[in-house]
Structure formats: C-alpha cells, structure tokens
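**Q** For reference, the structure I am asking about is given below.
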Amino acid sequence: MAESRQAAEIFWVDPRHRGILPIDGFHVSRSLRRRIRTAPFRVTFDRAFAAVVSGCADREETWINAEIAGLYTQLHECGFAHSIELHDADGLAGGVYGVAIGAAFFGESMFSRRKDASKIALFYLVDRLREGGFTLFDTQFLTPHLASLGAIEIPRHAYRALLSEAVVGVARFDAHRPVDEPDHVLQRMTQRS
C-alpha cells in the first residue's frame, strides 16, 4: 500500500485480523437477486484491467499510487492479476481487481459508479472463483459493505493457515470463459450458499 496517491514509498500490510469472503458464503439478498436478474451491466473479465485500477484509485483518498498501479499492471501482463468489469451505456460502471496465486485470490480494490455495481461485480467474481476451484478469497479488511455480502474477519494465525494451503492449491481463473446468464449464476450461487 501507499499512504496516498502522491506517496513515494509503498509498504506491506499484515493486519491482526484479516477479512475474507468465504467462497461458499456469499450472501445474495432478495433485493440484490432482483437487481442481478435485470442484468443492468455487461460483465467482462480482464478486458479493462488498467481502467479498473484507475477507477479504484479515483477517489479523494487512495492507497494506489503510480508505482502500485504499474506493479499490478505488470502482474496482470504476467497472468497473475485479474479484473472484473461492469459496463453500461455510459462506460465502465464498476469493477474489482486482485491477484491469483494457487487457489488463493487476493482482492485488492473495487469501485462503483452506479448503484450495486461493486456488489454485482463481487457476485460474478465469487462465482468465477468457485467455478475455478479457489479456496480463499482474501479481502484484506472487513468493511460493512463486505460484511453485508458474507465477509468475515479471522485472526492472523487462522488466516495464515488458510493461506499456506491455498497458495499451493491448484485453481484456474478462466477470464476467457463466457459469462453465464444471471439466472444460471444465481442458481449456482444459491445452491452452494
């Protein structure tokens, strides 16, 4: 992380309590289910990575400086960093990006320019992680927004145990697989939750 957009230094963060979103624990409320069914966005993966990072940094206070954006872009070019993008008639409506290592996905940041865009992005991302065999979705911190979707906080020692298993696991983030229809994804997600 960086202290700000202008900060020259970056640093690692290892919180005492870590936010995770259990792969089979994503909560789809009735209102979110209705919103997803209306298909308000066109969903893509890895088509606008730099734009998602830029969208995540486009706020008054951010931890994403130019060096971090550049490093994540390099990770994307090497096939480790991925993005999910939500588009509407006006352009990029929201998105999430993160890093995949083994069967662990590290969510780095998300943004939303339209109502429910970040929730819907996470919904499709969790489905892609489930289908790809991921076992850990690290959200770094627990926010009220993430908690409403099923995220929890666990102690550092429990996180490290999950992490040590996940990074040696085998999973596939298939960014090129077509995005299924909303009802199909909803059925899959609600059967497992």
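Quick note: the coordinates plus some simple rules give every number you see, no bench work behind them. Keep in mind that what you see is a predicted model, and the values were worked out from it rather than measured. Note that each Cβ is placed from the backbone with ideal geometry, even for glycine, and that neighbours are counted across all protein chains shown.
**Q** Pop the C-beta distance of Arg114 and Ile154 into the FRET formula with R0 = 45 Å and round what comes out to the nearest 0.05. Show your work: numbers first, answer last.
**A** Numbers: r = 31 Å, r/R0 = 0.70.
Efficiency for this residue pair is about 0.90.
**Q** Quick check on packing: order 164-170, 95-101, 149-155, 75-81 by the mean number of other C-beta atoms within 10 Å, highest mean leading.
**A** For the peptides 164-170, 95-101, 149-155, 75-81, the packing ranking is 95-101, 149-155, 75-81, 164-170.
**Q** Of Arg59, Arg35, Arg47, which has the largest mean-square fluctuation in a 10 Å C-alpha GNM of the chain?
**A** The residue that fluctuates most here is Arg59.
**Q** Compute the Rg/Rh shape ratio of the chain: radius of gyration over Kirkwood radius, all on alpha-carbon atoms. The partial results should precede the final answer.
**A** Values: Rg = 15.8 Å, Rh = 16.9 Å.
That ratio is 0.94, to two decimals.
**Q** List every residue whose amide H lies under 5 Å from the amide H of Ala93, counting only residues 5 or more places away in sequence or on a different chain, with H placed 1.01 Å from N in the peptide plane.
**A** Those lying under 5 Å, H to H, from Ala93 are Leu86, His87, Asp88.
**Q** Something else about it: Determine the gain in length on full extension of the stretch Glu60-His27; use 0.36 nm per residue of separation and subtract their C-alpha separation, reporting nm with one decimal.
**A** Working: separation 33, 0.36 × 33 = 11.88 nm, distance 2.93 nm.
Answer, rounded to one decimal: 8.9 nm.
**Q** Among Ile36, Val167, Gly70, whose Cα projects farthest towards the positive end of the dipole of the chain, with charges put on the beta-carbon of Lys, Arg (+1) and Asp, Glu (-1)?
**A** Farthest towards the positive pole: Ile36.
**Q** Round to the nearest 0.05 the FRET efficiency obtained for Val167 and Gln74 when R0 = 22 Å and r is the Cβ-Cβ distance.
**A** Numbers: r = 19 Å, r/R0 = 0.88.
Plugging the Cβ-Cβ distance into 1/(1 + (r/R0)^6) gives 0.70.
**Q** How do 134-144, 175-185 rank on mean C-beta neighbours within 10 Å, highest first? Each step should come with its number before you reach the end.
**A** Working: 134-144: 18.3, 175-185: 13.6.
So the order, starting with the most tightly packed, is 134-144, 175-185.
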